[in-house]
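Beneath this line is the structure, given in structure tokens, with notes to follow.
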Amino acid sequence: MPPTYSPIETEERWSRFWEEGEFFTASVAHDDVRPTYTLVMPPPNVTGTLHIGHACRTTFEDVLVRRKRMQGFNTLWVPGTDHAGIATQVVVERQLKREGLTRHDLGRERFIKRIWEWKEQSGGAILKQIQRLGGSCDRSRERFTMEPDLSYAVQEAFIRLYNEGLIYRDTRLVNWDVESRTVLSDLEVETEQQVSGELFDFAYPIEGEEGELVVSTTRPETMLGDTAVAIHPEDPRYLHLHGKYVRHPFLDRSIPIVTDAILVDPEFGTGAVKVTPAHDWNDFETGKRHGLPQINLLNPDGTLNEEAGEFQGMDRFEARKAVKARLEAIGLARGSTKHMMTLPRSQRSGTIVEPIISTQWFVRMEPLAAPAIEAVENGTIQIVPEDWQKTYFHWMRNIHNWCISRQLWWGHPIPAWYCKKCEQVHVAASPPQTCTACGNDEFVQDEDVLDTWFSSALWPFSTLGWPNTESRELKRFYPTADLETGYDILFFWVARMIMMGLHFTGQVPFKRVLLAGLVTDERGEKMSKVKGNVIDPIDVIQGASIESILAKAKQAGAKDSALKYLKKTYPDGLATHGADALRMALMSYAPGSRRIALSIKRIETYRNFTNKLWNASRFSLMNLEGTGTQSTGSPPVNPEVLVNRWILARLATVIEGVTQGLDEYRGDEASSAVYHFLWDEFCDWYLELTKPLLASDRREIAVETRQTLMHVLETTLRLLHPMMPFITEEIWQRIDKTEAPTSICLAPYPVAAVEGRADPEAVREMEHLKSFVVKTRTIRAEHDLPNSRSIDVYWHTPEAQVARVLEEQQALIERLTGATIHRVKTPEELQHHTAAATFVLEPLRGVVPDVVDSERERERLGRELKRVEKDLAIVSKKLGNPSFIDRAPAEVVQKERTRLATLTEQRAKLSSAIAALPA
RNA sequence: GGGCGGGUAGCUCAGUGGUAGAGCGUCGGCCUUACAAGCCGAACGUCGCAGGUUCGACCCCUGUCCCGCCCACCA
């Protein structure tokens, strides 16, 4: 074994081994009676590349799955990819653009073919990368949302919902993305917060008389579609205008003045509001209240149509300027003011979304939401962390109907057929023979496709075979157990899966929702390619030069400032850390935090940890090799040696800690427990202490120690395996075992009562030993006593147990401290050694004579005295408070009393020690 | 406008009604034959601010100031 662990080759080797050995394939065999554990993977975009968010998902999910597998569950982790409708289509359109083409040049059929080609070329790569991270998903059950089975499920779901009256077609105001030329659901519209905009005022002349009515708008071009001006019915300024009209300045239209108490706030602006029913949410409602005409101004691409008169053909923003200029020119502009506003933007294209009137397909959500709310209320589905429940309820209780049709080409076709003659809609898998309305036999299919999240909503059961209720997978593995994902898709995905799952299967799709925070960069900023703060997990794992990082960022369209940031942050590129280190680092973040500000430093910490584990194993195996020691899976029956008893007790504790941490989905606690056990206890103490024992003349001591060492190492590997699968497999395979499965991933997960041994006495005794050693080392360090110089330590304790331990372990202590230690019979004897460093480790005290006196010693004692006095003041005050004595629990009071005594004594010791120092 | 989360050591973050923790960084000492990606020590915090509850508050309550996010049709 080389002294430094090299993860890359090792990880690739075991990745292959696991795949070839089919260790992760779930069983549907009739005679397999193991309980099942099912998890579905949030399907990444089929043509996407792995980013740190996927690494996060993979890690959390893989830890869950690997542990369950080791605990004997028939485990199924369903991998798959999403066709990601709009996202994928946008990418391919961009490719075409580079060739000087648009999708319309190709036509629908060829364009879709082109996407399929791109999918074949790049698809699945992401799942390979997930495997590279150690993801132990069942590749034999990989799914894709557009494959035939799942497309069938989508079609079936649509038809059923339609027949149940839960899907309907409606003409109303919707969000329009002029760049992608499709409608969007409310969720796909993001609001850009608080941008400073302009509120532009202009006047409408009153028709047939003198005077004008001044209105304000942030979108002046919409005045071309105004069909009313609204005022508050009780506004005294405008009582004389009730029932009158204004004149449109450039279009040949009279516009009614209506009164509307809902729309108009008389306090705001002039108290008069222009009404554009076809392009504004409030105005649409207002229009309905007053029966106003709706004038659509926009073409699908965001240019103005024939309704715009002289402005026809202009882009919406161009038209905005032109309309303003025109109003200025004819003297109707009335100035403008700065105005803070929020802009709606398309999640995908980033363009400003326009409300337009359009006919689309919708899902009626309230009936679906009710049972989904109930499932969380009554605990059938648990949301972890619980805080998210409130958010879930809030959204579900105010749910809007879901617009599911998209004017895209890449996606599931809508199983709706229109009669060519009478336009009657028929929803079915295939067109009917004859139209039920007019008897005609010619139909045309709806040209739209479904929102990509519609198929995602079915994912937990469509991947298992639904709507075939006889599917072996569906019967055995549904409902699934946990659903792990980022909170950003709680509404997009999780809520909709719950609704659809309950509706179509009558069961919850999963019992628990585990929501994790979003990975951000070290500054806490959201990662984005343009910002250039994206860390490629593969680079973190394998290492990358700054040149290649910059090249990649450039290709992804990062700005210059982003490149500068990268250069500054990673001047030497990225070192090789390995997948295990990345996984541990991700695990170490508390799940409650909403952002995971991943830092390279943190990953380095765990890279160092893998190396520590590697070397501890190297040392252990070196000492075990050739001794015939075999790992049996259980500890020595009656260990005699204190350090062996101690480490087995600590092992029990760490198993409990890790188990509890993982049970509570606290990866941070689990990883921290095993980290500190391995490093601070196993390496720093146990391995050091075993060195003399392994070389002991007494054979039984050496044998017991080897067995313990072997056992603790082997158990720790199993304990750690879900978090760090690769290195644990690598070392585990080198261990000589009596009997074991072919991979650690199938070995039993440790149980405290089996692998460990509770032994509070040994733990106590080791604490005495450790604090004695640490104190002696501290004295050495503080008095500049190098290890090469031997020192004497005199100690005394009235307690027999402590005395016994120190005497029994004298050799070990002397070895670790380089001191010669002497027990003295009475406390007075300690006084004989003057000009000395003294120490108190209740109930033990000691003296190190002959240490060099120095100013440093005076300073040190002075500092300590100050601290003691400060504590003393706090404790005295506390004990001087009668209420404290009365009300606080007896143990607490007693503890404080003891502490007071100790501190008082310490103060006396320190004072006299200072006094005894030569001037 | 509503809701949620956060403000703890120089940095990144854990944490509990009863003497404040980790990693990194800093300082000092070590090449002690598993590991210098290491070993041995040390220093560093009136736990955002102000009130309140309590014998006791970093923790509970109220207010307040910052930061981040989500939802919402204010022209």
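The values are calculated or read from the model by the stated rules, or taken from the named source; none is laboratory data. Everything numeric in this text was worked out from a predicted model, so none of it was measured. When we count neighbours, we look across all protein chains shown, and the Cβ atoms used for this are built from the backbone with ideal geometry, even at glycine.
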Item to check | Which numbered condition A:Gly756 misses (of (1) modelled with pLDDT of 90 or more; (2) over 47 Å from the mean Cα position of the chain (by Cα)) | outcome: (2)
Next on the checklist: Being more than 24 Å from A:Asp684 (Cα to Cα) and not charged (D, E, K, R) narrows it down to one residue among A:Thr728, A:Thr738, A:Thr776; which is it?
Outcome noted: A:Thr738
Next on the checklist: For A:His104, only one of the following conditions fails: (1) part of a helix (DSSP H, G or I); (2) in contact (Cβ under 8 Å) with a residue 40 or more places away in the chain. What is its number?
Outcome noted: (2)
Checklist entry - Looking at A:Pro591, A:Pro635, which is the one that is part of a loop (DSSP other than H, G, I, E, B) and at pLDDT 90 or above? => result A:Pro635
Checklist outcome for this item: Of the residues in the stretch A:861-897 that are β-branched (Val, Ile, Thr) and near RNA strand B (Cβ under 9 Å from one of its atoms), the one that is nearest to A:Glu828 (Cα to Cα) is A:Val875
Checklist outcome for this item: Picked from the stretch A:275-302 (must be away from RNA strand B (no atom under 15 Å from the Cβ) and of a type in the set (S, T, N, Q)), the residue nearest to A:Asp177 (Cα to Cα) is A:Asn299
Next on the checklist: Looking only at the stretch A:588-631, filter to residues that are surrounded by fewer than 14 Cβ atoms within 10 Å (Cβ to Cβ) and more than 27 Å from the chain's Cα centre (by Cα); which one of those is nearest to RNA strand B (Cβ to nearest atom)?
Outcome noted: A:Met622
Checklist entry - Can you name the residue in the stretch A:189-239 that is among the small types (Gly, Ala, Ser) and touching a Gly at 6+ places or on another chain (Cβ under 9 Å) and, of all such residues, is nearest to RNA strand B (Cβ to nearest atom)? => result A:Ser216
Checklist outcome for this item: The helices (runs of 4 or more DSSP H) lying entirely within the stretch A:377-463 that contain at least 2 residues which are farther than 17 Å from A:Asp82 by Cα are A:387-397
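Per-residue answers, yes or no, for (1) farther than 18 Å from A:Ala84 by Cβ; (2) aromatic (Phe, Trp, Tyr):
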| position | (1), (2) |
| --- | --- |
| A:Phe144 | no, yes |
| A:Leu161 | yes, no |
| A:Tyr168 | yes, yes |
| A:Arg172 | yes, no |
| A:Asn175 | yes, no |
| A:Glu179 | no, no |
| A:Ser185 | no, no |
Next on the checklist: Just checking, does the stretch A:397-409 include any residue being touching a strand residue (DSSP E or B) at 6+ places or on another chain (Cβ under 6 Å), in contact (Cβ under 8 Å) with a residue 40 or more places away in the chain and of a type in the set (Gly, Ala, Ser)?
Outcome noted: yes
Next on the checklist: Tell me whether the stretch A:513-520 contains one or more residues that are modelled with pLDDT under 90, buried (at least 17 other Cβ atoms within 10 Å of the Cβ) and in contact with a Cys (Cβ under 6 Å, 6 or more places away or on another chain).
Outcome noted: yes
Item to check | Hits in the stretch A:254-270 - residues which are assigned to a loop (DSSP other than H, G, I, E, B), surrounded by fewer than 18 Cβ atoms within 10 Å (Cβ to Cβ) and of a type outside the set (Asp, Glu) | outcome: A:Ala261, A:Ile262, A:Pro266, A:Phe268, A:Gly269, A:Thr270
Checklist entry - How many residues does the stretch A:324-347 hold that are among the β-branched types (Val, Ile, Thr) and within 14 Å of RNA strand B (Cβ to nearest atom)? => result 2
Item to check | strands (runs of 3 or more DSSP E) wholly inside the stretch A:121-215 containing at least 2 residues that are at pLDDT below 90 | outcome: A:189-205
Next on the checklist: Can you report the number of residues in the stretch A:684-726 which are closer than 30 Å to A:Ser15 by Cα, among the hydroxyl-bearing types (Ser, Thr, Tyr) and more than 13 Å from RNA strand B (Cβ to nearest atom)?
Outcome noted: 1
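Results for (1) modelled with pLDDT under 95; (2) surrounded by 23 or more Cβ atoms within 10 Å (Cβ to Cβ); (3) closer than 30 Å to A:Glu117 by Cβ; (4) in contact with a Leu (Cβ under 6 Å, 6 or more places away or on another chain), shown as yes or no for each residue.
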| site | (1), (2), (3), (4) |
| --- | --- |
| A:Ser6 | yes, no, no, no |
| A:Glu9 | yes, no, no, no |
| A:Glu22 | yes, no, no, no |
| A:Tyr37 | no, no, no, no |
| A:Pro44 | yes, yes, yes, no |
| A:Gly48 | yes, no, yes, no |
| A:Asp62 | no, yes, no, no |
| A:Met70 | no, no, no, no |
Checklist entry - List the pairs whose first member sits in the stretch A:800-827 and is among the hydroxyl-bearing types (Ser, Thr, Tyr), whose second member is in a loop (DSSP other than H, G, I, E, B), and whose Cβ atoms are under 8 Å apart, counting only residues at least 6 apart or on separate chains? => result A:Thr820/A:Ser790
Checklist entry - For the stretch A:215-234, does any single residue satisfy the condition of being free of Cβ contacts under 8 Å to residues at least 40 places away in the same chain, touching a strand residue (DSSP E or B) at 6+ places or on another chain (Cβ under 8 Å) and either surrounded by fewer than 19 Cβ atoms within 10 Å (Cβ to Cβ) or farther than 26 Å from A:Gly313 by Cβ (or both)? => result yes
Next on the checklist: Checking the conditions here, which among A:Glu730, A:Glu656, A:Glu739, A:Glu681 is more than 16 Å from RNA strand B (Cβ to nearest atom), not in a loop (DSSP other than H, G, I, E, B) and not hydroxyl-bearing (Ser, Thr, Tyr)?
Outcome noted: A:Glu656
Checklist entry - Of all residues in the stretch A:779-812, which are assigned to a loop (DSSP other than H, G, I, E, B) and within 16 Å of RNA strand B (Cβ to nearest atom)? => result A:His783, A:Asp784, A:Leu785, A:Pro786, A:Asn787, A:Ser788, A:Arg789, A:Ser790, A:Gln809
Checklist entry - For the subset of the stretch A:418-435 comprising residues that are farther than 24 Å from A:Trp116 by Cβ and either out of contact with any strand residue (DSSP E or B) (no Cβ under 8 Å at 6 or more places or on another chain) or of a type in the set (Phe, Trp, Tyr) (or both), which member is modelled with the highest pLDDT? => result A:Tyr418
Next on the checklist: Let me confirm something: among A:Pro367, A:Pro355, which residue is at pLDDT 90 or above, away from RNA strand B (no atom under 15 Å from the Cβ) and not small (Gly, Ala, Ser)?
Outcome noted: A:Pro367
Item to check | Matching entry among A:Pro367, A:Pro371 (being assigned to a helix (DSSP H, G or I), in contact with an Asp or Glu (Cβ under 9 Å, 6 or more places away or on another chain) and not aromatic (Phe, Trp, Tyr)) | outcome: A:Pro367
Checklist entry - Within the stretch A:564-587, which residues are in a loop (DSSP other than H, G, I, E, B), buried (at least 18 other Cβ atoms within 10 Å of the Cβ) and within 11 Å of RNA strand B (Cβ to nearest atom)? => result A:His577, A:Gly578
Next on the checklist: I'd like the full set of residues that are over 15 Å from A:Leu651 (Cβ atoms) and either over 21 Å from the mean Cα position of the chain (by Cα) or surrounded by fewer than 22 Cβ atoms within 10 Å (Cβ to Cβ) (or both), limited to the stretch A:669-683.
Outcome noted: A:Glu669, A:Ser672
Checklist entry - Between a first residue in the stretch A:313-325 that is assigned to a strand (DSSP E or B) and a second residue that is among the β-branched types (Val, Ile, Thr), which pairs have beta carbons less than 7 Å apart while being 6 or more apart in sequence or on different chains? => result A:Asp315/A:Thr303
